[in-house]
1. For Asp125, state whether it is open to solvent by less than 10 Å² (accessible area, probe 1.4 Å), at negative phi and either assigned to a helix (DSSP H, G or I) or at pLDDT below 95 (or both).
2. Does Ser136 qualify as being closer than 18 Å to Leu315 by Cα and either under 21 Å from the mean Cα position of the chain (by Cα) or outside any helix (DSSP H, G or I) (or both)?
3. Kindly indicate the residue of the stretch 163-215 that is of a type in the set (Gly, Ala, Ser) and in contact with a Lys or Arg (Cβ under 8 Å, 6 or more places away or on another chain) and also farthest from Phe428 (Cα to Cα) among those meeting that condition.
4. Consider the stretch 551-595. How many of its residues are small (Gly, Ala, Ser) and modelled with pLDDT of 95 or more?
5. Name the residues in the stretch 491-513 that are surrounded by 12 or more Cβ atoms within 10 Å (Cβ to Cβ), over 27 Å from the mean Cα position of the chain (by Cα), more than 19 Å from Phe127 (Cβ to Cβ) and not polar (S, T, N, Q), would you?
6. Please find, within the stretch 529-551, the residue that is surrounded by the fewest Cβ atoms within 10 Å (Cβ to Cβ) out of those that are in contact (Cβ under 8 Å) with a residue 60 or more places away in the chain and closer than 14 Å to Leu607 by Cβ.
7. Does the stretch 421-436 contain at least one residue that is assigned to a helix (DSSP H, G or I), farther than 29 Å from His377 by Cβ and under 21 Å from the mean Cα position of the chain (by Cα)?
8. Can you pull out every residue in the stretch 54-76 that is touching a residue at least 12 places away in the same chain (Cβ under 8 Å) and among the polar types (S, T, N, Q)?
Amino acid sequence: MKKSLLLLLLSTLSFAQIDRVEPPFWWSDMNHSDLQIMFYGKNIAQNDISVSNNIVIKGIQKTENPNYVFVTIDTKNTMAQDFVFTFKNKNKSFTKNYSLKARKENSRYRDSYDSSDMIYLIMSDRFANGNPNNDSDTSVIEKADRNNKNGRHGGDIEGIIQNLEYIQSLGATAVWPTPLCEDNDERGSYHTYGQSDVYKIDPRFGTNDDYVRLSSELHKRGMKNIMDYVTNHWGYKHWMMDDLPTYDWIHQFPGFSQTNYRMTTQFDSNASEIDAKNCMDGWFVRSMPDLNQSNPLVLNYLTQNALWWIEYADLDGFRVDTYSYNDKEGIAKWTKAITDEYPHFNIVGEVWMHSQAQMSYWQKDSKIGAMQSYNSHLPSVMDFTLFDAISNGAFNEDKANWDKGMMRIYENFTNDFLYPNTNNLLVFAENHDTQRFNETYKKDFKKYQMAMTLIGTIRGIPQLYYGSEIAMDGDKGKGDGDIRHDFPGGWKGDSNNAFTSAGRTAEQQNFYDFTSKLFNWRKNKDVIHNGKMKHYIPENNVYVYFRYNDTESVMVVINNSDEKQTVTTNRFKENTNGYSSATDVFTHNTVDLKDSFTMEPKSVLLLELKK
């Protein structure tokens with residue numbers, strides 16, 4: 001009798017188990033009011049489901065896997081409250097509480113990042129170890145090993161928070177940490193692009209509360225928090241991979257097939273169907289299962305997860321990884337759903353292509369996309385062609401040439417007409433996936449000055465990769481770990497602490513001072529943020545352009561030649577008329593604009609024009 005009672009009790013407990021509820025809670029007064037809640041537990045789909053408080057269930061969707069059920073409720077015009085779901089099967093039942101929370105005031109109209117910002121990109125595991133107690137955690141596989149350049153080193157959210165004053169001192173107004181959600185791979189998990197739980201911050205970075213606190217601390221400083229979001233894939237250790245909701249939750253061939261990486265097949269009118277399918281549906285790498293955004297359940301799951309993080313963590317923007325590998329119709333719906341909910345919310349997509357026409361296809365309201373009746377609704381793309389010009393050695397090419405040196409830079413901007421919004425391009429000299437700028441240019445300070453002045457004064461949103469400002473280098477050829485070094489001073493016991501002026505070497509201080517001066521100057525320059533741009537064909541490897549509006553004009557002169565150059569000003573009269581002199585932002589020297597001026601080899605002038 002006792003044994004039968006025990007078996008009955010165990011059966012009931014198993015029956016009653018709910019392992020996961022996602023989203024874990026929601027908010028009232030959301031534009032996304034048809035909330036689809038995923039319940040996961042053993043045979044949960046066998047139950048009849050009801051809900052209290054007159055909440056309306058609009059739909060219940062079951063899949064071939066009885067361990068999942070997707071329940072859609074109507075939250076429109078529903079006040080913040082707690083209510084109860086009841087799951088019943090024959091004479092057995094159990095309940096699950098759920099909450100609709102009150103939104104932050106004016107949450108829908110939150111500001112985002114724009115051309116007035118400078119974004120500081122942080123490799124989260126490699127910046128600063130603010131809490132050594134979370135370096136390893138029993139709930140995840142990989143433990144900290146700072147001696148392994150491809151292992152986890154201990155950088156965390158607390159380390160970012162503790163160094164916000166340093167970041168702000170550089171003139172940065174926004175922070176983009178690489179992904180922070182859990183990545184439970186056995187190795188290489190430090191980069192966190194193979195996520196295993198997208199509702200949970202990786203415990204080696206901290207907690208969900210810590211992430212909320214990061215936003216709060218940034219906002220206290222008038223700064224912004226940009227989440228690195230991954231829509232294209234998860235990690236193969238994601239908890240769903242052991243029990244997928246549907247066979248087609250991920251792309252299967254069956255099983256693994258790697259993408260061909262040919263993003264051009266997304267719009268190539270001559271592309272074969274198989275090539276286009278292999279690009280969109282192939283896995284980025286074997287350890288990253290490719291998500292099927294054409295499955296409505298997957299797309300809604302990703303949409304709600306993104307909205308949940310924005311609302312929960314009070315985010316200010318997204319950067320989306322491998323944007324152009326997604327199902328292009330699905331990712332357009334995802335993007336539109338987010339910007340419909342938050343009309344001012346900026347999202348920059350990683351569209352790593354080498355043609356302005358191809359990149360512009362992916363920006364919102366692109367005329368090129370419209371030729372195929374396609375609109376991604378993506379506000380911003382990354383200016384990879386400008387990066388190409390810089391990384392291919394433009395500043396190492398000393399002599400004037402038809403297509404080298406500053407002509408590479410000039411030619412990039414001649415194609416700006418292709419973009420629907422050039423002010424909303426992300427401009428950069430390097431990032432966490434590329435050769436380090438200071439590796440390419442051997443820590444040449446003059447070349448750094450030229451490149452950073454360019455990034456800081458052209459149209460768009462400048463992004464600085466952590467450590468550039470202290471001459472950090474790294475060789476992509478030695479693996480990704482080499483371009484993601486630990487920031488010196490971020491770990492207790494580091495002999496070099498570049499977070500403080502007292503701890504920097506002379507070289508680090510030189511790079512830091514220049515970077516700080518440039519981007520702090522930029523902060524208050526609307527003429528740079530929103531002004532027009534006019535440039536002149538480079539002569540003798542000297543490139544001149546102006547940023548101007550009705551009240552102000554800035555002249556940028558970059559002498560990429562290895563010789564002194566005399567710049568005759570008569571050629572620039574359409575921009576200099578009405579101005580007699582200029583003051584150099586860096587030296588405060590006065591430059592006469594009436595005739596000509598001389599520039600040192602490999603030098604830059606950032607001139608504020610004076611009447």
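The values are calculated or read from the model by the stated rules, or taken from the named source; none is laboratory data. Everything numeric here is computed off the predicted structure, so don't read it as measured data. Counting neighbours? That spans all protein chains shown, and the Cβs are built from the backbone with ideal geometry, glycine included. Side chains included, ligands, DNA and RNA excluded: accessible areas come from the protein's heavy atoms. Shrake-Rupley method; radii C 1.70, N 1.55, O 1.52, S 1.80 Å.
1. yes
2. On the way: closer than 18 Å to Leu315 by Cα: no; either under 21 Å from the mean Cα position of the chain (by Cα) or outside any helix (DSSP H, G or I) (or both): yes.
In short, no.
3. Let us first name the residues in the stretch 163-215 that are of a type in the set (Gly, Ala, Ser), namely 169, 171-172, 174, 188-189, 194, 196, 206, 215.
Narrowing the set further to residues that are in contact with a Lys or Arg (Cβ under 8 Å, 6 or more places away or on another chain) leaves 171, 174, 189, 194, 196.
Values: Gly171: 15, Ala174: 14, Ser189: 25, Gly194: 24, Ser196: 30 Å.
Once the filter is applied, the top-ranked residue is Ser196.
4. Count: 3.
5. Across the stretch 491-513, the qualifying residue is only Glu507.
6. Initially, the stretch 529-551 is screened for residues in contact (Cβ under 8 Å) with a residue 60 or more places away in the chain, giving 529-530, 533, 535, 537-543, 545, 547.
So of that shortlist, the ones also closer than 14 Å to Leu607 by Cβ come out as 542-543, 545, 547.
On the way: Val542: 20, Tyr543: 25, Tyr545: 24, Arg547: 24.
My answer is Val542.
7. First, pick out the residues of the stretch 421-436 that are assigned to a helix (DSSP H, G or I): 422-424.
Okay, now just the ones that are also farther than 29 Å from His377 by Cβ, so none.
Checked the stretch 421-436: no residue is assigned to a helix (DSSP H, G or I), farther than 29 Å from His377 by Cβ and under 21 Å from the mean Cα position of the chain (by Cα).
8. Within the stretch 54-76, the subset touching a residue at least 12 places away in the same chain (Cβ under 8 Å) is 55-76.
Listed by number, the residues that qualify are Gln61, Thr63, Asn65, Asn67, Thr72, Thr75.
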